[in-house]
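The values are calculated or read from the model by the stated rules, or taken from the named source; none is laboratory data. Everything numeric here is computed off the predicted structure, so don't read it as measured data. Cβ coordinates were reconstructed from backbone atoms using ideal geometry, including for glycine residues, and neighbour counts include every protein chain displayed.
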Amino acid sequence: MRLEEHPVIDFTRKRGKKVTIYFEGKPIEAYEGEPIAEALHAAGVRVLNFTPKGRPRGLFCAIGKCSSCLMKVNGIPNVRTCITLVEDGMKVERQHGLEPLPRDYKPPKWKDAEKIEADIIIIGGGPAGLMAGVKAAEHGAKVALLDENPILGGQLVKQTHKFFGKREQFAGVRGVKIAEIIAEEAKKKGVDIHLETSAIGIFPNGEGKLVTAVKKNKKLMEFYGKAVIVATGAMEKMIPFENNDLPGVYGAGAIQTLMNTYGIQPGKRVLIVGAGNVGVILAYQLLQAGVEVVAVVEAMPKVGAYFVHAAKIRRLGIPIYTRHTILKAEGKEKVERAVIAQLDDNWKPIPGTEKSYDVDIIALAVGLRPSIELLHQAGAQAIYVRELSGYVVRHDDRLETTIRGIFVAGDSSGIEEATTAMLEGKLAGIAAALFVGKANVKNAMEEMEKVRKDLDEFRSGPFGQRTRIGEEKVMIK
Amino acid sequence: MNDEYLSRGYLTIDEIKEITELPSEERLKKKPVAVPECPQEIPCTPCSEICPVGAISMPTPNDRPIVDYDKCIGCSLCVQICPGLAFFMVHYKGEKARITMPHELLPVPKRGDEVILLNRKGEEIGTGKVVLVIPRDKSVGDTPVLTVEVPIELAWEARAVRVKEARE
């Protein structure tokens, strides 16, 4: 089902031309500009593939990071259907375990790869990457930016709530709008943007760097630059419970992608696991999309979110059960029920407190972890920092990693929020422009100092404490 | 204030009084006055930045907003812009009170509509009448804002509405 009306988003204006795709031979209506898995979801398809052991799988992250949505598209297996756009006449089939490429398939060759040259290559077009692009270009560098998603803005494109911070940092503006503003700014500043392009490796290349990539699942590309900024964001965490792989157990972000980016109703009744910012904001957004939220459960004794976001859903009648967790999902091929229970002081479920809800979606909002795969492959030193929610790379006060010329910004440098991701993007962008010898040293140093001050100010309150501790651990002095 | 409100997800009126002094009855009768329900030190400043008369003090971005009720002119810009939807206005008018609140749900009620009043924990506590609607395109914060007339005894309880036709 598609959403036609929404209190703060206008979908009908955004939808592209109608096209037809074929799912297991059956025609399905879709819109140009939307990915395959999302179009299938709108048509009621929840099971996208079966594991080698035959368990059904559906969407989970919806941003190309988890491989839960792999399907066969026009005969080619292992296509990430959540970020691959529909094309008229496309044939889509459920994949059963590991399937081979068709015999007559000719893979592309590296010698034919398209070559792009710039001073700075930015991987990731979210708040950090875009801001890095804007700033690096402003300081005189030639910038190329690649992102594997079909739209710019990263996770901002699904954030319909207004942001905190100062007004010069877009406070009071909805995330979706911020995405439009900074994407426009990056284009205006001449950043060379490549969407639907996945970076697959970062390599030394003489004095510079080479980033290898694949465009639209088939075309090979090489990006040559003197510096690289990695702003690859984060991915959702999973928690263990019975049947947590059942289609309908979605990452919170996937539900936001469906309803806020593509205007697709994610389900009818939802249980949310996790009362951090993501969980309670998701609950509010579901209400706005006309979806019933039966409850938000949180294992901790307190709501982890900013209180005001929790208050928004409480006054509209959504219960938050702290000290509760999910025990299991139930259903045949897709979620039909969720069972929750209260936890005792040793985090053990208390027998007799189980409650069962008829829901078709279980939303997991149990945290994010930084996406550092490319940094790791490139050899940057990584350490585990609990306060930053996972393995992160060490960096200096210009966000340069242990590999000279490779910078990091945004959630891939530690989980925080979009406002700080934009500030880190600014910092990395200016620092990289300085590194490649394009920036005016005095101007660059002054602006970096201001950005550092803004970051310190934002992080100076009680909510910034975790980040402050985390930063202390990763910082190279 | 202890942080028990964080296990509940809502504030009681006594807790609100602990974070911010409430306006005097005399002030409440004069004209609308903005009252924030923003208990945590969070990095957020739009309310104090947008206030046209400098009535909202916030020495650093992580400080809680404190409204100078004598300076406040009741313009509702803070209600419109607040990213946490945590600002409300209260105005006593005879036997009734007028509550100004954000409303980001469909349908947006019309002036004159009777609506169900909800308290901070989402319980239905009575009915009120919509007396003013600032639609989304007229709101500086992209958030529709309603002013709802409620029985005066619900002035410090009613903080959201449910539009009657939206009920199943």
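See the values below:
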| item | result |
| --- | --- |
| Residue within the range A:302-314 that is more than 27 Å from the chain's Cα centre (by Cα) and under 27 Å from residue A:468 (Cα atoms) present | no |
| Residues of the range B:14-27 classified as closer than 21 Å to residue B:84 by Cα and assigned to a loop (DSSP other than H, G, I, E, B), total | 3 |
| Condition broken by residue B:53, with the remaining ones in (1) away from chain A (no Cβ under 14 Å); (2) out of contact with any His (no Cβ under 9 Å at 6 or more places or on another chain); (3) of a type in the set (A, V, I, L, M, F, W, C); (4) surrounded by 15 or more Cβ atoms within 10 Å (Cβ to Cβ) satisfied | (4) |
| Condition check for residue A:45: over 19 Å from residue A:151 (Cβ atoms), assigned to a loop (DSSP other than H, G, I, E, B) and touching a helix residue (DSSP H, G or I) at 6+ places or on another chain (Cβ under 9 Å) | yes |
| Considering residues of the range A:291-311 that are among the β-branched types (Val, Ile, Thr) and part of a loop (DSSP other than H, G, I, E, B) only, the residue nearest to the other protein chains (Cβ to nearest Cβ) | A:303 |
| Flag if residue A:357 is part of a strand (DSSP E or B) and over 25 Å from the mean Cα position of the chain (by Cα) | yes |
| Count - residues of the range A:455-477 that are in contact with a His (Cβ under 9 Å, 6 or more places away or on another chain) and either at the interface with chain B (Cβ under 8 Å from one of its Cβ atoms) or part of a helix (DSSP H, G or I) (or both) | 1 |
| Subset tally (residues that are surrounded by fewer than 20 Cβ atoms within 10 Å (Cβ to Cβ) and either charged (D, E, K, R) or without any contact (Cβ under 8 Å) to a residue 12 or more places away in the chain (or both)) for the range A:390-408 | 5 |
| Residue match in the range B:113-136 (condition: closer than 20 Å to residue B:34 by Cβ and acidic (Asp, Glu)) | no |
| Candidates B:11, B:85, filtered to the one that is assigned to a loop (DSSP other than H, G, I, E, B), within 12 Å of chain A (Cβ to nearest Cβ), in contact with a strand residue (DSSP E or B) (Cβ under 7 Å, 6 or more places away or on another chain) and in contact (Cβ under 8 Å) with a residue 24 or more places away in the chain | B:85 |
| Wholly within the range A:197-260, strands (runs of 3 or more DSSP E) carrying at least 1 residues that are modelled with pLDDT of 95 or more and within 21 Å of residue A:132 (Cα to Cα) | A:197-205, A:208-215, A:219-225, A:227-230, A:234-236 |
| Check on residue A:49, modelled with pLDDT of 95 or more, crowded, with 18+ Cβ neighbours inside 10 Å and not hydrophobic (A, V, I, L, M, F, W, C) | yes |
| Residues of the range A:227-252 classified as buried (at least 22 other Cβ atoms within 10 Å of the Cβ) and farther than 17 Å from residue A:124 by Cα, total | 7 |
| Strands (runs of 3 or more DSSP E) within the range A:375-451 that include 1 or more residues touching a helix residue (DSSP H, G or I) at 6+ places or on another chain (Cβ under 7 Å) and over 16 Å from residue A:228 (Cβ atoms) | A:382-385, A:390-393 |
| Residue tally, condition surrounded by fewer than 18 Cβ atoms within 10 Å (Cβ to Cβ) and either facing another protein chain (nearest Cβ under 9 Å) or among the small types (Gly, Ala, Ser) (or both), over the range B:14-48 | 2 |
| Close pairs from the range A:354-372: first under 25 Å from residue A:332 (Cβ atoms), partner among the aromatic types (Phe, Trp, Tyr) and crowded, with 16+ Cβ neighbours inside 10 Å, Cβ under 8 Å, at least 6 apart | A:361/A:250; A:362/A:250; A:363/A:250; A:364/A:250 |
| Any hit, the range A:165-173, residues being of a type in the set (Lys, Arg) and more than 14 Å from chain B (Cβ to nearest Cβ) | no |
| Odd one out for residue A:417, checked against (1) within 14 Å of chain B (Cβ to nearest Cβ); (2) within 23 Å of residue A:382 (Cα to Cα); (3) at pLDDT 95 or above | (3) |
| Residue that is surrounded by the most Cβ atoms within 10 Å (Cβ to Cβ) [pool: residues in the range B:100-115 that are more than 7 Å from every other protein chain (Cβ to nearest Cβ) and within 19 Å of residue B:10 (Cα to Cα)] | B:102 |
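Okay, residues lined up against (1) within 19 Å of residue A:256 (Cβ to Cβ); (2) in contact with a Ser or Thr (Cβ under 6 Å, 6 or more places away or on another chain); (3) aliphatic (A, V, I, L, M):
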| position | (1), (2), (3) |
| --- | --- |
| A:10 | yes, no, no |
| A:30 | no, no, yes |
| A:37 | yes, yes, yes |
| A:58 | yes, no, no |
